[in-house]
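Q: What follows is a single structure, and I will ask about it in a moment.
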Amino acid sequence: MKIFVTTIGRRGDVNPFLLLALKLKSAGHDVVFCASENFRNLIEGQGIRFLPHFNQQEYEAVAHDPDVWHYRKAVPTLLKKGLLPAIRKKNTLALYRSTAETFWLLLTRWCWRQNLQKNTLGIKLVQLDLAPCIFRSLKDTAQIGTVPMTDKFPAWYKNLVWWAVDTFIIDPCIKKEVTTFRQEIGLKPVSRIMNKWLFSSCLNAAVFSRHIASPQPDWPMPSEVFDFLLYDGNEQVSPEAGRLYSDPELHAENLYKKLHGMLDNAAVAENCREVASSIDSEKTLEKLVSAIEEIGRS
């Protein structure tokens, strides 16, 4: 298969996709990786063809914007300055539009332009989600800032909260631009864009631990929880980082002891230990690649 891997974000967003790209490449698939220009050396250094969506200046303008780190301004800033421009990029899928091979697109849910291409070109889409809060559920609901969303609250209340978030915070930032672009390529307008529209009809792969969030019956289907994909890269560690890693106070056992002391609920600290000890990236990779290949054969 010809596989197009793309993600938006910083190194923590790129690493899981790069690990998967390397596994797919080793399985004999033709892989192209699309990310910000500043990741070119990292991707090409692994022998994978690279295509940029944001240049270095565009990336740094968002990454160094102080509003990105403000607890109230962060989401609108990321939407307007970092994510909306992505739907106008012209140098990604068009390069492979005429290929006769099966064409896959693996991405985070933030890559709106690629989701539009899925609708217009019929491309099969596997979506990787790195955080549980992406999945909205009325059962086991993710916390929204300081807004209470525990099991004590009824479904109508949670639906009202999500409606208010979409209507008054998210859609005002992105709806106009997304709708305009959809109309240009012959698609109908959408609203509540962060609700259901962004998910894949092929596979929504949750790459985080079940200890953190287990599958819920009202998640968009098909969805499956795999596990964390850990990739540290092959770069040389700086002397400062090397000294930090060698500090015995930062070894896992000592950190767990400190965590026990910091948390009122010792069960939470023990859960962190379970999460760390259960991670098996190689097993997760094999399972995920197998799921992708199975859908590709269908």
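All of the numbers you see were taken from the coordinates with simple rules; none came from a lab. Small disclaimer: the values here were computed from a predicted structure and weren't measured. Neighbour counts run over all protein chains shown; Cβ positions are idealised from the backbone, glycine included.
Q: Would you please report the Å³ per residue occupied by the convex hull of the alpha carbon atoms in the range 144-186?
A: Output value, Cα hull per residue: 87 Å³.
Q: Between Glu44 and Phe168, 0.36 nm times their residue separation minus their Cα-Cα distance comes to what?
A: Between Glu44 and Phe168, full extension yields 40.5 nm more.
Q: Assuming R0 = 45 Å, can you tell me the calculated FRET efficiency for the pair Ile279 and His64, based on Cβ-Cβ distance, to the nearest 0.05?
A: The value I calculate is 0.90.
Q: Evaluate the distance, in nm, between pseudo-label points positioned 7 Å from the Cα of Ile185 and of Arg11 along their respective Cα→Cβ axes.
A: In this crude label model, Ile185 to Arg11 measures out at 3.2 nm.
Q: At what distance in nm do the modelled label points of Arg210 and Leu230 sit from each other, each positioned 7 Å from its Cα along Cα→Cβ?
A: The modelled label-to-label distance comes out at 1.9 nm.
Q: Past 20 Å, Cα to Cα: identify those pairs from Lys23/Lys287; Lys25/Lys287; Lys81/Lys158, in the order given.
A: Over 20 Å apart, Cα to Cα: Lys81/Lys158.
Q: Which distance in nm do the two modelled labels at Lys287 and Tyr71 give, with both placed 7 Å along the Cα-to-Cβ direction?
A: 3.5
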